[in-house]
Amino acid sequence: MDKEIRIGNHVISETSPVFIVAEMSANHNMDFDRAVAILQAAREAGADAVKIQTYTADTITLDCDDPCFQITQGTLWDGNTLHRLYESAYTPWEWQPELKKMAEDMGLVFFSSPFDGTSVDFLEQMEVPVYKIASFEINDIPLIRKIARLGKPMILATGIARLADIELAVETCRKEGNEQVILLKCTSAYPAPYEDVNLRTIPAMRDTFDCIVGLSDHTFGCAVPGAAVALGAKVVEKHLTLSRADGGADAAFSMEPQEFGEMVDNIRKVELALGKVTYELSPMAAREREHSRSLFVAKDMGAGEIFTPDNLRSVRPANGLHTKYYEELLGKRVSRDVKLGTPMSWDLVDFS
């Protein structure tokens with residue numbers, strides 16, 4: 001696959017650095033200054049981008065107390081209705097243009113997940129460079145179609161998607177002429193149990209859909225993002241908060257700034273370690289090879305004495321003949337007097 005997607009000043013491809021996204025979500029706790037502080041924390045931690053969410057309670061659900069609008073799935077938010085949850089978690093729209101400018105002044109890409117057509121129109125006025133489709137909106141085909149027609153990169157999370165949902169979403173983008181699709185492996189559990197993450201899906205998703213792939217992660221810690229990068233993830237998204245102790249709708253499964261920085265550092269180390277396919281030795285390994293095994297005379301020997309397992313051994317370092325000649329040399333005679341520690345060579349063998 002030789003795809004390349006540009007987001008702001010970043011190029012995302014199979015050979016590019018991982019694009020690391022800090023998800024603010026509801027962690028601003030309805031405090032603008034806190035939202036700004038999260039931007040600053042994201043920059044200092046090494047994120048490439050900050051993502052928010054653009055909706056109101058009324059654009060994402062209905063103000064209704066009927067059973068199907070109650071949250072009862074065993075989540076952090078049980079006991080709320082959808083409408084009440086989103087009333088407390090949305091990012092005020094009047095903040096968003098200013099946050100975008102601040103983020104860009106810090107060198108961050110700033111973008112959002114829209115949840116209906118009005119939020120797309122609003123974000124277009126802000127000239128965001130990329131759109132994220134949240135996991136729960138991957139089956140909102142009119143929304144995906146509207147965004148795809150804009151011709152901008154699209155990042156699709158797959159947390160609640162069945163295979164057919166992903167197929168339909170990607171097909172919808174491509175039918176609108178938009179090939180700039182990035183798929184994120186995601187587990188929609190908050191926090192996500194490690195055993196439900198199934199990272200081996202990442203390379204399969206890349207091959208199945210011929211897309212750049214990544215990870216939207218809700219597990220604790222940075223082990224899973226590092227492993228995802230090793231499996232081919234080129235985008236990693238994690239929730240960021242200033243402090244979990246401050247509470248909020250998403251705080252319990254969000255990273256604090258120090259943790260986010262450790263994750264970024266870990267990802268960059270994994271990228272370096274992945275390197276390339278090669279069997280060549282690095283200069284350091286070539287030097288270390290000098291201490292590998294070879295054949296040495298292991299006892300003082302007189303001319304004409306026979307080589308035996310007692311006086312010819314495979315030991316470190318590598319100055320003597322290759323160990324593959326060991327059996328061939330056993331039973332032959334030494335050509336002259338030699339001392340213990342002499343590297344074995346062919347001129348020590350009497351072939352007469």
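The values are calculated or read from the model by the stated rules, or taken from the named source; none is laboratory data. Note that the coordinates shown come from a computational prediction; the quantities given were computed from them, not determined experimentally. Cβ coordinates were reconstructed from backbone atoms using ideal geometry, including for glycine residues, and neighbour counts include every protein chain displayed. Calculation scope for accessible area: heavy atoms of the full protein, side chains included, ligands and nucleic acids excluded. Shrake-Rupley method; radii C 1.70, N 1.55, O 1.52, S 1.80 Å.
Answer yes if at least one residue in the stretch 199-206 is touching a His at 6+ places or on another chain (Cβ under 8 Å), over 20 Å from V11 (Cβ atoms), at pLDDT 95 or above and not small (G, A, S), and no otherwise.
No, because not a single residue in the stretch 199-206 is touching a His at 6+ places or on another chain (Cβ under 8 Å), over 20 Å from V11 (Cβ atoms), at pLDDT 95 or above and not small (G, A, S).
Would you be able to tell me the number of residues in the stretch 119-167 that are among the polar types (S, T, N, Q) and touching a Leu at 6+ places or on another chain (Cβ under 8 Å)?
Total satisfying the criteria: 2.
Out of the stretch 146-201, which residues are of a type in the set (S, T, Y) and under 28 Å from F110 (Cβ atoms)?
Answer for the stretch 146-201, where residues must be of a type in the set (S, T, Y) and under 28 Å from F110 (Cβ atoms): T158, T172, T187, S188, Y190.
Being closer than 28 Å to T158 by Cα, of a type in the set (D, E) and in contact with a strand residue (DSSP E or B) (Cβ under 9 Å, 6 or more places away or on another chain) is true for just one of D217, D207. Which residue is that?
Result of the check over D217, D207: D217.
So the check is Cβ under 8 Å with 6+ separation or different chains; which pairs have a first residue in the stretch 56-71 that's in contact (Cβ under 8 Å) with a residue 40 or more places away in the chain and a second one that's assigned to a helix (DSSP H, G or I)?
Between residues of the stretch 56-71 that are in contact (Cβ under 8 Å) with a residue 40 or more places away in the chain and residues that are assigned to a helix (DSSP H, G or I), the close pairs are T59/T118; T59/S119; I60/L82; I60/Y86.
State which residue pairs qualify: first residue under 20 Å from V264 (Cα atoms) and open to solvent by 70 Å² or more (accessible area, probe 1.4 Å) and inside the stretch 27-44, second residue assigned to a helix (DSSP H, G or I) and among the β-branched types (V, I, T) in any location, beta carbons under 6 Å apart, and separation of 6 or more residues or different chains.
none
Pairs, please: C-beta under 7 Å, at least 6 apart or cross-chain, first residue over 30 Å from L240 (Cα atoms) and in the stretch 263-287, second open to solvent by 60 Å² or more (accessible area, probe 1.4 Å)?
L281/R289
Return the pairs, sorted by first residue and then second, in which the second residue is in a helix (DSSP H, G or I) and of a type in the set (S, T, Y), the first residue lies in the stretch 74-90 and is more than 13 Å from Y55 (Cα to Cα) and open to solvent by less than 50 Å² (accessible area, probe 1.4 Å), the beta carbons are less than 6 Å apart, and the residues are 6+ apart or on different chains.
Here the result reads none, with nothing in the stretch 74-90 linked to a residue that is in a helix (DSSP H, G or I) and of a type in the set (S, T, Y).
Quick one: would you say R145 is touching a residue at least 60 places away in the same chain (Cβ under 8 Å), surrounded by fewer than 22 Cβ atoms within 10 Å (Cβ to Cβ) and in a helix (DSSP H, G or I)?
Against the criterion (touching a residue at least 60 places away in the same chain (Cβ under 8 Å), surrounded by fewer than 22 Cβ atoms within 10 Å (Cβ to Cβ) and in a helix (DSSP H, G or I)), R145 does not qualify.
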